[in-house]
Amino acid sequence: MKEKKNVYVSRDLSWVEFNARVLDEALQSDVPLLERLRFLTIVSSNFDEFFMVRVAALKAQSAVEGQHPDNSGLTAAQQVRLISRRVHELVPLQYRCLLQDILPGLEKEGISYVRPAEYTQAQSRFLETFFMNEAFPLLTPLRTSSLGKLPSIGNLRLHAVFHLRPSMDIPEGALADFLEGAGVSVSGDSVDSSGAAVRQLFAVVQIPSSIPRVVWLPDASGKRFFTLLDDVVLAFAQRLFPGFTIEGRLLFKVTRDADSPVDEERDGDFIAAIEEVLANRLSSRPVRLLCTGESPVISAWLLDRMGLSDQDIYRVSGPLDLSTLIDLVETPGLDHLRNPSWNRYWPARFPEDSPLWDTLKATDLLLHVPYQSWEPVLRFLEDASSDPGVLAIKMTLYRTSGDSPVIRSLERAARAGKHVTVFVELKARFDEERNITWVKRLEEAGVIVVYGIARLKVHAKILMVIRREQEGVRRYVHLSTGNYNDRTARFYSDLSVFTSNPAIANDATLFFNMISGYSAIMGMKYLKMAPIDLKSTLVSLIDREAQRSQAEVPGMIMAKMNSLADPEVIDALYRASRAGVKILLNIRGICTLVPGVKGMSEGITVVSVIDRFLEHSRIFWFQNGGADELFLSSADWMPRNLDRRVELMFPILQESIRKEIRSLLGMYFEDNLKAHRLTSEGTWTRLSPSGSETPLRVQERLYLEEKRRSELQEKEPQRDFNVRRH
């Protein structure tokens with residue numbers, strides 16, 4: 001009998017559907033108002049990055065002759081069309097939510113968005129003064145060429161375009177000279193009904209990003225009113241063009257191609273190569289145009305000059321660029337419109353007043369952020385930087401915060417004479433500039449900095465401290481699913497383990513030697529490394545589960561990750577399902593596997609949880625005939641992670657920690673309030689508790705459990721003897 005052909009979903013269409021689930025969270029009336037607005041801003045910023053990277057790449061592929069379909073059976077051109085169609089469905093839903101739910105809801109709370117047509121006389125006077133004093137000095141009408149070529153328009157920057165007509169009788173030659181001096185010139189000619197040429201004049205003005213976009217208005221009524229900077233510029237733009245009438249105006253933002261690769265051959269000047277890529281992004285090929293305002297003449301002119309088609313333009317009926325409305329979300333004094341505060345508790349098993357060294361000699365420690373504080377990681381580094389027994393620190397850095405305490409600790413350690421080696425990934429997309437800054441600071445402090453590996457990104461998260469003790473030199477290792485970023489640790493859900501296990505420490509030493517270039521590729525006992533043996537290990541673990549599965553005792557796999565798209569891993573999961581293995585997958589974002597297909601994936605369930613914290617941990621559990629194994633990893637099951645990045649997967653060897661992680665992993669498949677399930681048709685369905693089911697929200701359950709543990713710890717009686725001395 002012929003085996004059923006495996007089925008896959010387009011990776012990029014699956015990613016669009018992830019954003020549909022994020023948008024669905026914004027549509028939920030039980031979510032606090034400003035949190036709903038936050039989800040809308042996340043959708044916008046996600047689509048910005050998606051079009052810059054993925055759609056740009058698909059467009060480049062579609063321009064190549066003889067393109068072949070991907071695993072989903074779609075060519076790049078077909079995917080671009082389907083993406084456009086679906087995003088054109090989602091954007092109106094996004095704006096309907098903003099205009100019909102969020103803004104009216106804010107108004108009921110005494111916070112009103114005032115559009116230019118609604119300005120009172122007092123507000124107009126205030127805004128005119130604001131415009132002339134704050135905005136006007138920063139605004140410059142941008143010059144076009146005599147053929148109507150667009151001026152320099154930065155990627156993701158808000159711009160306004162004005163269609164102008166002279167309001168006075170100026171001779172033709174004088175008009176051209178005047179326009180040239182004013183920074184505006186002829187964009188091209190159109191033809192009127194008699195066939196005579198009609199001159200079209202346009203001016204492009206960039207909205208300053210140095211001024212907050214949300215402009216609060218004075219009012220004595222006890223209510224709060226705000227407008228947007230771009231509204232103010234549009235309302236008072238006439239001040240920019242004396243002697244001209246504004247026939248039309250349009251606000252727009254262009255998304256440009258950010259998929260250009262780094263020149264990997266420039267090893268001698270790699271930072272310069274990165275900086276060149278950053279500069280090119282500002283003026284690279286346009287991919288998408290967002291605009292608001294009624295001016296067909298302007299929008300047609302922009303599309304023509306940018307080389308875009310109708311499928312690339314997104315006209316919206318409200319404020320453009322919702323991602324920048326995060327300023328409104330974070331306005332002080334509006335806590336009642338946000339999620340209730342959840343504390344980040346100090347983990348019960350971690351010593352509060354002493355370094356971890358002695359504790360880690362006796363036991364491994366698990367950290368689960370943001371339910372637990374990320375402070376132990378910072379404390380670990382701080383103690384290492386000041387402890388006279390510490391000889392060396394080695395770690396990887398992929399993304400970290402703007403004012404990173406991690407960087408400060410590493411600088412202190414180097415200045416204290418410790419041997420500090422840091423592997424900074426300069427190719428971390430959209431964090432390149434920040435990472436270049438860290439490289440320069442670290443090198444100035446005496447840190448040995450490795451810029452990553454040619455043609456691979458170092459995405460592993462590992463830190464090792466080497467300390468001289470009475471018994472000899474001991475190594476302490478921290479392995480994590482998430483970045484060394486104190487800011488994202490407040491709202492990304494990640495797991496990490498501290499250990500002094502000698503076998504893990506030996507593997508960590510080999511790993512650092514390999515990525516520094518001073519060792520040949522070597523096999524490690526416990527750590528599995530991409531692109532060397534991580535994928536093959538995963539496939540072997542899945543196949544082993546299929547081989548050990550029996551009708552009476554079926555095998556079982558549970559896994560949680562951000563994305564699943566690697567065909568080899570998916571094929572192994574399909575094989576395991578056909579062998580009777582029960583497979584539970586919690587996938588936050590992309591999933592190209594199709595579950596529930598008869599004869600192929602009947603035993604596979606896929607769910608996705610979207611809630612207040614971004615699910616970022618990667619957990620893989622295999623039943624293994626009763627001798628279960630559990631792994632954490634920095635890697636998703638994606639070709640880029642398994643084939644083109646340096647990643648780590650590490651086992652949880654301590655039984656108590658394995659049981660704890662296995663328990664929390666199971667909860668992710670019980671959530672019926674914030675979860676969606678993937679159907680065999682490739683669509684996602686939001687789950688809700690049935691009549692007999694107890695409502696369960698996994699993030700809330702995990703928070704309450706951590707809160708209970710913390711409270712129990714506080715109530716425990718003091719165990720030390722109270723010794724009295726004379």
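The values are calculated or read from the model by the stated rules, or taken from the named source; none is laboratory data. Keep in mind it's a predicted model, so treat the numbers as computed, not measured. All Cβ positions, glycine included, derive from the backbone under ideal geometry; neighbour counts span all protein chains shown.
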Task: Residue that is farthest from Lys582 (Cα to Cα) [pool: residues in region 547-566 that are hydrophobic (A, V, I, L, M, F, W, C) and modelled with pLDDT of 95 or more] - done: Ala565
TODO: May I ask you to verify whether Leu564 is in contact (Cβ under 8 Å) with a residue 60 or more places away in the chain and over 21 Å from Ile657 (Cβ atoms)?
DONE: yes
Open item on the list: Going residue by residue through region 457-467, is there one that turns out to be surrounded by fewer than 19 Cβ atoms within 10 Å (Cβ to Cβ) and either in a strand (DSSP E or B) or at negative phi (or both)?
Closed with: no
- [ ] Would you mind finding the one in Ala20, Ala26 that is closer than 22 Å to Leu564 by Cβ and under 18 Å from the mean Cα position of the chain (by Cα)?
- [x] Ala20
Open item on the list: List pairs: first residue in region 371-396 and aliphatic (A, V, I, L, M), second residue surrounded by fewer than 18 Cβ atoms within 10 Å (Cβ to Cβ) anywhere in the structure, Cβ distance under 6 angstrom, at least six positions apart or on different chains.
Closed with: Leu378/Pro405; Leu391/Arg468; Ala392/His419
Task: Candidates Ser295, Ser401 - the one that is crowded, with 16+ Cβ neighbours inside 10 Å, touching a Lys or Arg at 6+ places or on another chain (Cβ under 7 Å) and in the same structural domain as Gly452 (by TED's automatic domain parsing) - done: Ser401
Open item on the list: Within region 422-438, does at least one residue satisfy the condition of being modelled with pLDDT of 90 or more and within 28 Å of the chain's Cα centre (by Cα)?
Closed with: yes
Open item on the list: Looking at Arg165, Arg213, Arg199, can you tell me which residue is more than 19 Å from Ile246 (Cβ to Cβ), modelled with pLDDT of 55 or more and of a type in the set (Lys, Arg)?
Closed with: Arg213
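Can you tell me which residue in region 61-90 is surrounded by the most Cβ atoms within 10 Å (Cβ to Cβ), limited to those that are of a type in the set (S, T, N, Q) and in contact (Cβ under 8 Å) with a residue 40 or more places away in the chain?
Step one: list which residues in region 61-90 are of a type in the set (S, T, N, Q), which gives 61-62, 67, 71-72, 75, 78-79, 84.
From what is left, the residues that are in contact (Cβ under 8 Å) with a residue 40 or more places away in the chain are 71-72, 79, 84.
Numbers: Asn71: 15, Ser72: 19, Gln79: 24, Ser84: 19.
Here the answer is Gln79.
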Task: Subset tally (residues that are under 15 Å from Met558 (Cβ atoms), part of a loop (DSSP other than H, G, I, E, B) and more than 24 Å from the chain's Cα centre (by Cα)) for region 646-689 - done: 2
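Just to check your reading of the model, which residue among Ile521, Ile453 is over 19 Å from Leu391 (Cβ atoms), of a type in the set (Val, Ile, Thr), without any contact (Cβ under 8 Å) to a residue 24 or more places away in the chain and not assigned by TED's automatic domain parsing to the domain that holds Arg588?
Values: Ile453 fails: without any contact (Cβ under 8 Å) to a residue 24 or more places away in the chain.
Of the residues listed, the single one that is over 19 Å from Leu391 (Cβ atoms), of a type in the set (Val, Ile, Thr), without any contact (Cβ under 8 Å) to a residue 24 or more places away in the chain and not assigned by TED's automatic domain parsing to the domain that holds Arg588 is Ile521.
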Open item on the list: Being at pLDDT 95 or above, surrounded by 11 or more Cβ atoms within 10 Å (Cβ to Cβ), more than 30 Å from Glu425 (Cα to Cα) and touching a Ser or Thr at 6+ places or on another chain (Cβ under 6 Å) is the requirement here; does Arg701 meet it?
Closed with: no
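Where in region 1-79 are there helices (runs of 4 or more DSSP H), lying wholly inside it, with at least 2 residues that are more than 18 Å from Thr255 (Cα to Cα) and among the aliphatic types (A, V, I, L, M)?
On the way: elements: 11-26, 33-50, 56-62.
Output list reads 11-26, 33-50.
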Open item on the list: I want to confirm something. Restricting to region 52-102 and keeping residues that are touching a strand residue (DSSP E or B) at 6+ places or on another chain (Cβ under 6 Å) and β-branched (Val, Ile, Thr), which single residue is farthest from Val287 (Cα to Cα)?
Closed with: Val91
Open item on the list: I'd like to check which strands (runs of 3 or more DSSP E) are fully inside region 572-637 and have at least 1 residues that are farther than 26 Å from Tyr484 by Cβ and in contact with a Lys or Arg (Cβ under 7 Å, 6 or more places away or on another chain).
Closed with: 604-609
- [ ] Give region 360-398 a look and list any residue that's in contact with an Asp or Glu (Cβ under 8 Å, 6 or more places away or on another chain), surrounded by fewer than 21 Cβ atoms within 10 Å (Cβ to Cβ) and not in a strand (DSSP E or B), or say none.
- [x] Leu378, Gly389
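Quick check on my filter: what residues within region 653-676 are in contact with a Phe, Trp or Tyr (Cβ under 7 Å, 6 or more places away or on another chain) and buried (at least 17 other Cβ atoms within 10 Å of the Cβ)? Step through it out loud before you land on a result.
As a first pass, look at region 653-676 and keep what is in contact with a Phe, Trp or Tyr (Cβ under 7 Å, 6 or more places away or on another chain): 662, 665, 676.
Matches in region 653-676: Leu665, His676.
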Open item on the list: Could you list, ordered by first residue, the pairs with Cβ atoms under 7 Å in which the first is in region 680-692 and assigned by TED's automatic domain parsing to the domain that holds Gly603 and hydrophobic (A, V, I, L, M, F, W, C) and the second is at pLDDT 95 or above and in a loop (DSSP other than H, G, I, E, B), at least 6 apart or interchain?
Closed with: Leu687/Asn672
